[in-house]
1. Taking the convex hull of the alpha carbon atoms in the chain, what volume per residue do you get, in Å³?
2. Which FRET efficiency, nearest 0.05, do TRP169 and ASP90 yield, Cβ-Cβ r, R0 25 Å?
3. Evaluate E = 1/(1 + (r/R0)^6) for ARG108 and SER15, where r is the Cβ-Cβ distance and R0 equals 22 Å; express this FRET efficiency to the nearest 0.05.
4. Provide the packing ranking of 1-11, 146-156, 40-50, i.e. peptides ordered by the mean count of other C-beta atoms within 10 Å per residue, highest first.
5. Work out the length of the dipole vector of the chain about its Cα centre, built from +1 on the beta-carbon of each Lys and Arg and -1 on the beta-carbon of each Asp and Glu, and round it to the nearest 20 debye.
6. If the reach is capped at under 22 angstrom between alpha carbons, list the lysines near LYS170, excluding any in the same chain fewer than eight residues apart.
7. Using 0.36 nm per residue of separation minus the Cα-Cα distance, give me the extension gain between VAL154 and ASP65 in nm, one decimal.
8. Percent of Cα-Cα pairs per 5 Å bin, from 0 to the last occupied bin, for segment 100-142, please list those.
Amino acid sequence: MNLDYFIDRLAKNRSVFESLVRGLSLEQARWKPSPDKWSMLEVINHLYDEEREDFRQRIELVLADPKQRWPPIDPRNWVITRAYNERDVDISLDNFFAEREKSLAWLRELSSPNWQNSNEGPNGTLTAGDLLASWLAHDFLHIRQLARLHWQYVGAIAEPFQTAYGGPWKES
């Protein structure tokens, strides 16, 4: 496990999130392509909660005491119960970045962590290394999601004009 790579990418992703979300109008930040999909504001608040209540916390727990039971999380319901879409977009982004800085500082302080330490949880056995790799992958999933929300928003506000000439959204 090349910890420096993961720290570097997690740090650099801040500028990606910044460029995708900073300065959005409240209307665009709260816009959803359909009622069952997330808005950009919901994505950022999800990242904030995952930063402090999931990835960093669970890696810390599995490194310190692999047998310790993890606190429960409920990211899908938090979107509603924590009223993500009612929050301020720039404050939400700043909250996420503050937590990310805490995470990066914590990761930089690790000394020879045992990435093979594992915990048996609701998703099966996960090692500390699995969690670190998943943390960065989670960033990229939501970067893709935010980019798609921008693409969908352009299509929605351009009506009656079409965006098809720019190309379809598909996996490459």
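What follows draws every value from the coordinates through simple rules; no lab data is involved. Note that the coordinates shown come from a computational prediction; the quantities given were computed from them, not determined experimentally. FYI the Cβ positions are ideal-geometry reconstructions off the backbone, even for glycines, and counts take in every protein chain you see.
1. 132 Å³
2. Calculated value: 0.40.
3. Calculated value: 0.75.
4. 40-50, 146-156, 1-11
5. That gives a dipole near 240 debye.
6. Candidates past the 8-residue exclusion: LYS32, LYS37.
7. 27.3 nm
8. 6, 19, 22, 28, 18, 8
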